[in-house]
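K.L.:
The structure follows.
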Amino acid sequence: MLKDNFGRAHDYLRISLTDVCNFRCQYCIPDENTSFMPSSRLMTVDEIDAIAREFVKLGVNKIRLTGGEPLVRKDFAEIVLALSKFPVELTLTTNGLRTNEFIDVFKKAGIKSINVSLDTLDKEQFFTITKRNVFEKVWNNIQQLIDEGFHVKVNTVVMRDFNDSEILDFIEWTKKQPVHVRFIEFMPFDKNQWNTQKVFSYQEIIDVAATKYSFLRMKDGATETAKKFKPLGHEGTFAVISTMSAPFCGNCNRMRLTADGKMKNCLFSKGEADILTALRNSEDIVPIIKQCVASKAEALGGQFQGDYKKIDATKIDNRSMINIGG
Ligand code: SAM
Ligand code: SF4
């Protein structure tokens, strides 16, 4: 089992398959980021398989595929089927544009739960955020995933004066459908125009929800990032991921692998361990993985702590979200 210096066991790996995306979400891709990594820098199917194997031997029992958009990788099916042989809970986070093409692959790989990102229920707002006019397609794909029996979580980044007015509409959606909306506080990454004013906090989200709905707090899992709520009489649930106003680093079990094979021990870590180069040089990657976990900071990559309203985003040293893999 991989343990850091604070006694936290790490058994959850998030693998970014690519930094390419078919959307242009303003909070994720820096405006000037128009070039993507050359494919020679990306992990191949066999390299992902080999690296994942070592993590599984070290105790990983959950793997999430992400990106960029994981479903734009031409060999996505090959990758997910290769990973499905490991004794792990396999899942993915996607923007939902192409899930209809992979329903059979998801089932064959044993995927039960899928996170789909959707920040608005309004077609025009959808275009404003993603720069793509495909709201209906994503909506229909979410409906298809629900109909096909997948556990669907919807990731919604809440930004003040942009989509905070839709919080109640998202919760209303959970009334008739078993959909699990997760409101995410807006986080700062390289050049993503973050500022404290745009953060719509956990408490504010709960206050808005309480203006219309009665809900119960659900029990947290041991390593849960989301504070979950069950509106009375609803089929689904909602939750808040309060990274900024109430971080949950104390029980963190997550590690990340970027699409170019660099390991990050935290979403906000400055440091990266070059697993892919070591693998390509036929070195043993296990000591590198262990050292990376051991060097994990107590909270938020050691980059900020305390009141998020005092954060100076220009002082945070990190990749953009699309380059890390969300
Ligand atoms: N393309 C896929 C998608 O959109 O679901 C997977 C990658 S995306 C980087 C993963 C998640 O990160 C999405 O739910 C997205 O909304 C979230 N995300 C990206 N930038 C963020 C930010 N600045 N603050 C909070 N969440 C962010
Ligand atoms: Fe693409 Fe997902 Fe980032 Fe949007 S949030 S730009 S869909 S990677």
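K.L.:
Once every DSSP H run of n ≥ 4 in the chain is given -39500 (n - 2.57) and the sum is divided by its residues, what mean residue ellipticity at 222 nm do you get, rounded to the nearest 500 deg cm²/dmol?
P.N.:
-7500 deg cm²/dmol
K.L.:
At a 10 Å Cβ-Cβ cut-off, how would you order Leu90, Leu121, fewest neighbours first? Provide the component values of the computation, followed by the final result.
P.N.:
On the way: Leu90 20, Leu121 16.
Taking fewest neighbouring Cβ atoms as first place, the list is Leu121, Leu90.
K.L.:
For the pairs Lys270/Lys296; Lys57/Lys270; Lys112/Lys137, flag any whose C-alpha to C-alpha distance is greater than 19 Å. Please list the in-between numbers first.
P.N.:
Working: Lys270/Lys296 10 Å; Lys57/Lys270 26 Å; Lys112/Lys137 21 Å.
Exceeds cut-off: Lys57/Lys270; Lys112/Lys137.
K.L.:
Give me the net charge for the shell around Phe23: Cβ to Cβ below 10 angstrom, other residues only, Lys and Arg +1, Asp and Glu -1. If you can, show how the numbers build up before the last one.
P.N.:
Numbers: positive: Arg24, Lys131, Arg132; negative: Glu69.
Spelling it out: positives minus negatives among the neighbours equals +2.
K.L.:
In the chain, what percentage of the DSSP-assigned beta bridges are antiparallel, given to the nearest 5?
P.N.:
Percentage antiparallel, nearest 5: 30.
K.L.:
How high is the relative contact order of the chain, in percent, counting Cα pairs under 8 Å that sit 6 or more residues apart?
P.N.:
22
K.L.:
Could I ask something else about it? May I ask you to sort Arg53, Arg73 by Cβ crowding, counting other Cβ atoms within 10 Å and putting the fewest first?
P.N.:
Arg53, Arg73
K.L.:
What order do you get for Cys292, Cys25 when you list them from fewest to most C-beta neighbours inside 10 Å?
P.N.:
Cys25, Cys292
K.L.:
Sticking with this structure for a sec: Can you give the extra length, in nm with one decimal, that the chain gains between Gln197 and Met218 once fully stretched, where that is 0.36 nm per residue apart less the Cα-Cα distance?
P.N.:
Using 0.36 nm per residue and subtracting the Cα-Cα distance, I get 4.7 nm.
K.L.:
Based only on Cα atoms, what mean projected area does the convex hull of the chain have, in nm²?
P.N.:
Details: hull surface 62.1 nm².
In nm², the orientation-averaged hull projection of the chain is 15.5.
K.L.:
Just need the Rg to Rh number for the stretch 243-326, please, alpha carbons only, Kirkwood Rh. Don't jump to the answer; show the numbers that get you there.
P.N.:
Details: Rg = 13.8 Å, Rh = 13.8 Å.
The Rg/Rh ratio comes out at 1.00.
K.L.:
So which cysteines of the chain have no other cysteine's Cβ under 4.7 Å from theirs?
P.N.:
Within the chain, the cysteines lacking a partner Cβ under 4.7 Å are Cys21, Cys249, Cys252, Cys266, Cys292.
K.L.:
So between Asn100 and Phe248, what do we pick up on full extension, going 0.36 nm a residue minus the alpha carbon distance?
P.N.:
Extra length from Asn100 to Phe248 when fully extended: 49.9 nm.
K.L.:
Can you compute the modelled spin-label distance between Lys175 and Gln26, with each label point 7 Å from Cα toward Cβ, in nm?
P.N.:
Placing both labels 7 Å along Cα→Cβ, they lie 3.0 nm apart.
K.L.:
Find the Cα radius of gyration of the stretch 1-96, compare it with 2.2 N^0.38 Å by division, and give the number to two decimals.
P.N.:
Normalised by 2.2 N^0.38 Å, the Cα Rg of the stretch 1-96 equals 1.18.
K.L.:
Kindly express, to the nearest 10 degrees and within the range 0 to 90, the angle between helix 167-176's C-alpha long axis and the longest C-alpha principal axis of the chain.
P.N.:
90
K.L.:
When the dipole is taken about the Cα centre of the chain, and only Lys, Arg (+1) and Asp, Glu (-1) are charged at their Cβ, what size is it in debye, to the nearest 20? All intermediate terms of the calculation are to be shown ahead of the outcome.
P.N.:
Details: 45 positive and 42 negative charges, 117 e Å.
Here the chain has a charge dipole of around 560 debye.
K.L.:
Something else about it: How much length is gained on full extension from Lys108 to Asp274, taking 0.36 nm per residue of separation minus their Cα-Cα distance?
P.N.:
Here the answer is 56.6 nm.
K.L.:
Do the alpha carbons of any pairs in Lys108/Lys131; Lys62/Lys153; Lys108/Lys264; Lys198/Lys310 sit beyond 24 Å of each other, and which pairs? Could the numbers behind the result be given before it?
P.N.:
Values: Lys108/Lys131 33 Å; Lys62/Lys153 16 Å; Lys108/Lys264 30 Å; Lys198/Lys310 13 Å.
In this structure, Lys108/Lys131; Lys108/Lys264 lie more than 24 Å apart at Cα.
K.L.:
With everything on Cα atoms, drop me the angle between helix 135-147 and the longest principal axis of the chain, reported from 0 to 90° to the nearest 10.
P.N.:
80
K.L.:
To continue, here is another question. Among Gly110, Gly221, Gly261, whose mean-square fluctuation peaks in a Gaussian network model of the chain (Cα, cutoff 10 Å)?
P.N.:
Sorting by GNM fluctuation, first place goes to Gly221.
K.L.:
Against the longest alpha carbon principal axis of the chain, how many degrees, from 0 to 90 and to the nearest 10, is the axis of helix 45-57 turned?
P.N.:
The helix 45-57 is inclined about 90 degrees to the chain.
K.L.:
Give me the distance in nm between label points sitting 7 Å out from Cα along the Cα-to-Cβ direction at Gln305 and Glu283, one decimal.
P.N.:
3.0
Bear in mind these aren't lab numbers, they're just calculated from the coordinates by the rules spelled out. Model, not experiment: these values are computed from the prediction. In this analysis, Cβ positions are derived from the backbone assuming ideal geometry, glycine residues included, and neighbour counts consider all displayed protein chains.
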